[in-house]
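> Quick one: this structure, given as structure tokens, is what I'll be asking you about.
Laboratory data are not the source of any read-out in this text; all were calculated from the coordinates shown. Values in this document were obtained by computation on a predicted structure and should not be read as measured data. No Cβ is skipped: glycine too gets one built from the backbone with ideal geometry, and neighbour counts run over all protein chains shown.
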Amino acid sequence: MSSPLQLRFLTSADDVRRLPDTPPELAFIGRSNVGKSSLVNALGNRKDLARVAKAPGRTQLLNCFAVDGLGTLVDCPGYGYAAAPARVRDAWQRMVETYLLEREQLTMVVMLVDGEIGPTKLDLQMLAWLRANAVPHSVVATKHDKLKAAQRGKRQRDLAAACDLAPDDVTWVSAAKGTGKDRLLSLVRTWLALG
Ligand SMILES: Nc1nc2c(ncn2[C@@H]2O[C@H](COP(=O)(O)OP(=O)(O)OP(=O)(O)O)[C@@H](O)[C@H]2O)c(=O)[nH]1
Ligand SMILES: [Mg+2]
């Protein structure tokens with residue numbers, strides 16, 4: 001079993017220019033409620049280091065966590081939170097897109113898709129945007145525990161196909177049950193070593 005990451009909260013920033021200078025970096029992105037903060041906590045065997053949503057739209061800043069000796073994880077605010085005013089959604093988009101395009105030390109964008117509901121229209125737009133801008137990214141499907149055992153194989157193939165990926169290109173995880181955590185931990189260590 002892989003050891004958990006030694007995570008330490010660094011800072012929350014609303015602007016790329018206010019981020020600490022600590023390469024290399026991984027960003028966790030995805031729609032609100034997909035499970036980004038839960039996954040960061042799970043990777044560090046922590047319960048409440050990154051704050052998990054009681055209501056969607058919880059994470060509104062770029063929350064940075066130092067990974068001991070390796071680099072930084074950035075828990076990004078989720079998109080697609082319908083109840084947020086347009087002004088807030090536009091500001092999110094500007095902040096996150098600027099961050100993803102301009103952050104030199106960013107070695108990988110971990111794009112989370114809800115494993116239970118599959119990619120939404122906004123997820124597919126984000127994937128197309130990452131591809132169009134040649135931003136290195138990898139798709140992780142969350143909430144594996146919510147899939148019924150009998151549906152798993154088909155759901156995994158369908159989700160990958162909807163993202164225009166091969167099934168093996170998608171890493172499935174459950175923050176709740178720990179499924180897929182070892183595989184993701186080893187990927188995270190590999191990605192951080194790229195920086
Ligand atoms: N069953 C199950 N629920 C999960 C899992 N991961 C997260 N959740 C639940 O999904 C909800 C949202 O989780 P968060 O980690 O806060 O999601 P987020 O992507 O950080 O959301 P925002 O901060 O709003 O962008 C919470 O109620 C979590 O408990 C999982 O692996 N399995
Ligand atoms: Mg969050």
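> With a 10 Å Cβ neighbour count serving as the proxy for reagent exposure, in which order, fewest first, do Cys163, Cys76 appear? If you can, show how the numbers build up before the last one.
On the way: Cys163 19, Cys76 24.
Ranked by crowding around the Cβ, least crowded first: Cys163, Cys76.
> Here's a follow-up. Please report how many Lys pairs in the chain have alpha carbons closer than 18 angstrom, counting only residues at least 8 apart along the chain or sitting on separate chains.
17
> How high is the relative contact order of the chain, in percent, with contacts defined as C-alpha pairs under 8 Å that are six or more residues apart?
It rounds to 25 percent for the chain.
> Let me ask you something else. Which one, Ala162, Ala149, Ala91, has the greatest fluctuation when you compute a Gaussian network model over the chain with C-alpha springs under 10 angstrom?
Result for the chain, Cα springs under 10 Å: Ala149 fluctuates most.
> Write down the Å³ per residue value for the convex hull defined by the alpha carbon atoms of the chain.
114
> Using just the helices of the chain, give the 222 nm mean residue ellipticity in deg cm²/dmol: DSSP H runs with n ≥ 4 each add -39,500 (n - 2.57), and the total is spread over all residues, rounded to 500.
Dividing the helical sum by the residues of the chain leaves -10000 deg cm²/dmol.
> Extension gain Asp164-Lys146, at 0.36 nm per residue separation less the Cα-Cα distance, in nm?
Separation in residues times 0.36 nm, less the Cα-Cα distance, equals 4.2 nm.
> Just want the ordering: Glu97, Glu25, Glu104, from fewest to most Cβ atoms lying within 10 Å of their own Cβ.
Sorted ascending by nearby Cβ count, the order is Glu104, Glu97, Glu25.
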